[in-house]
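Okay, structure first, notes after.
The values are calculated or read from the model by the stated rules, or taken from the named source; none is laboratory data. Just so it is clear, the model here is predicted, and its values are computed rather than measured. Don't worry about glycine lacking a Cβ; one is built from the backbone with ideal geometry, like all the others, and counts go over all protein chains shown.
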Amino acid sequence: MANRDTFQRGAPRQRHHRTGASHGARPRSAGKAFKALLAREGIDVPIPTDVLAYLRSHRRLATLVPQVCSQARKEFGPDAELILKLYRDPEIKDRHLSLYVRLRAYDDTVLQRMDRVSAHFADELCSASGFLVITTDLRPARVRNGV
């Protein structure tokens, strides 16, 4: 008995796998373009594979993340350290993206400023699947270029 892959207009049927060659270079080039976009804004993405995997599952959020990061850079300026990470809750099965804002010095306006960044995209973020949280861990920003 012939297997069903043998019969498809005389040619073997190609099998497609999520991690196989069926996706070609498209995800890689999309990932490179995404990372380049964030790099232009000076966004640190310590584990880009985690972030990109999450965004592949949340396509609409993927279109918003660079815009939110750009707005955060405008709000906090070039001296702020902005870090995009996938957060995994250790107690429950919850994952979301976090954009951490680190400043050289913190004042009582930092929460309002983070809210201001989110407010620009409130409707879009609410209608997108997945979550992006803008937060701080209150650590000081790393000094760049030895300054």
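Data overview
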{"item": "Within segment 41-74, considering residues that are of a type in the set (Gly, Ala, Ser) and within 10 Å of the chain's Cα centre (by Cα), the one surrounded by the fewest Cβ atoms within 10 Å (Cβ to Cβ)", "result": "ALA53"}
{"item": "Qualifying positions in segment 97-147 - of a type in the set (A, V, I, L, M, F, W, C), over 15 Å from ASP44 (Cα atoms) and over 18 Å from the mean Cα position of the chain (by Cα)", "result": "ALA105, VAL110, LEU111, ALA119, LEU138, VAL147"}
{"item": "So GLY77, is it surrounded by fewer than 17 Cβ atoms within 10 Å (Cβ to Cβ), on the phi > 0 side of the Ramachandran plot, over 17 Å from the mean Cα position of the chain (by Cα) and not hydrophobic (A, V, I, L, M, F, W, C)", "result": "yes"}
{"item": "Residue that is farthest from TYR100 (Cα to Cα), among those in segment 38-53 that are touching a helix residue (DSSP H, G or I) at 6+ places or on another chain (Cβ under 7 Å) and aliphatic (A, V, I, L, M)", "result": "LEU52"}
{"item": "From LYS85, LYS93, residue being at negative phi and at pLDDT 95 or above", "result": "LYS85"}
{"item": "Selection count where residues are over 22 Å from ALA36 (Cβ atoms), among the aromatic types (Phe, Trp, Tyr) and out of contact with any strand residue (DSSP E or B) (no Cβ under 7 Å at 6 or more places or on another chain), scope segment 75-125", "result": "1"}
{"item": "Strands (runs of 3 or more DSSP E) contained entirely in segment 61-147, each with at least 1 residues that are of a type in the set (Phe, Trp, Tyr)", "result": "81-88, 95-102"}
{"item": "Subset of segment 92-147 [loosely packed, with under 11 Cβ neighbours inside 10 Å and either charged (D, E, K, R) or touching a Phe, Trp or Tyr at 6+ places or on another chain (Cβ under 7 Å) (or both)]", "result": "LYS93, ASP94, ASP107, ASP108, ASP123, ASP137, ARG142, ARG144"}
